[in-house]
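Right, one structure below, let's go through it.
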Amino acid sequence: MSSDTLLLNADYKPLSLSPLSTLTWQESIKLIWLDKINVVEWHEDWEVHSPSHTMKVPSVIAVREYVQQDREGINFSRRNVFIRDHYTCQYCSQPFNSKELTLDHVIPRSKGGKSGWDNMVTACKKCNLNKGSRTDIKPTRTPIKPNFYNLMAQKNFTLSIKYKVWLDYLDWPEKYIKLVA
């Protein structure tokens, strides 16, 4: 983990938890110089030097203008669809490793289907090829957007953080947070 600065939204909550919104110390200092963020906390014992300046490194920063996000903070991604579907083909119900899986549009793009939680399922390569652009073959479970906490539980998600001060800004049960050096 090379990130040293926790990045918060204007409401002082992380922009994301998975992955945790963090920046390198270099990126955070650049944002300070560009006057794009507010510093919330500084690393007490960490300074960086240039030929003409000495500056403390920020530990926690916040954007100045609120960044509108999905309320549940779940990114639609290939990996998250696989997790939602338990790495199981939604047509033959067999489990596979991620290299053997694809994403399938339940309603094919050629018939107006969109990419998103409610139209994408995990499929093995064989089933995806057999289905093609047909609409008469249905997945075993109707695809839905998962609840954030259910998805994280399926990941056996533990939030790893480097600095204890970050705990003050994380709305996450402490039993699922691991302090790493």
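Values quoted throughout were computed directly from the atomic coordinates according to the rules given, and no laboratory measurement underlies them. It should be emphasised that the depicted structure is a prediction, and the values quoted were computed from it without experimental measurement. Every residue, glycine as well, gets a Cβ built from its backbone with ideal geometry; the counts of neighbours run over all protein chains shown.
For Glu100, neighbours were defined as the other residues whose beta-carbon sits under 15 Å from its Cβ, and their charges (Lys and Arg +1, Asp and Glu -1) total +3. Applied to segment 46-57, the Karplus parametrisation 6.51 cos²θ - 1.76 cosθ + 1.60 on θ = phi - 60° returns per-residue 3J(HN,Hα) values of 9, 10, 10, 10, 10, x, 10, 9, 10, 9, 6, 8 Hz, with x for Gly and Pro. Give Lys30/Lys162; Lys56/Lys175; Lys56/Lys164; Lys36/Lys175; Lys30/Lys155; Lys125/Lys145 a once-over and call out the pairs whose C-alpha atoms are over 29 Å from each other. Correct reply: Lys56/Lys175; Lys36/Lys175; Lys30/Lys155.
Return the whole-Å distance between the Cα centroid of segment 1-39 and the Cα centroid of segment 111-181. Cα centroid to Cα centroid, the span is 24 Å. Label point of Arg109 set 7 angstrom out along Cα-Cβ; within segment 123-143, amide nitrogens under 17 Å from it belong to 123, 128-129, 131-135.
Over all distinct alpha-carbon pairs, what is the Kirkwood Rh of segment 78-145 in angstrom?
On the way: mean 1/r = 0.0863 Å⁻¹.
Answer for segment 78-145: a Kirkwood hydrodynamic radius of 11.6 Å.
Annotation: amide H of Lys162 within the under-5 Å range of Val180, sequence separation 5 or more or interchain, hydrogens built in the peptide plane.
Between Phe76 and Asn147, the simple label model (points 7 Å from Cα in the Cβ direction) yields a spacing of 2.2 nm. Per-residue ellipticity at 222 nm computed for the chain from its helices equals -4500 deg cm²/dmol, with DSSP H segments shorter than 4 residues left out and the rest contributing -39,500 (n - 2.57).
Here Leu34 and Ser133 are evaluated by their C-beta separation; at R0 = 45 Å the FRET efficiency comes out at 0.40.
Using 0.36 nm per residue, how much length does the chain from Glu174 to Asp118 gain when fully extended, once their Cα-Cα distance is taken away? Provide the component values of the computation, followed by the final result.
Values: separation 56, 0.36 × 56 = 20.16 nm, distance 3.21 nm.
Length gained between Glu174 and Asp118: 17.0 nm.
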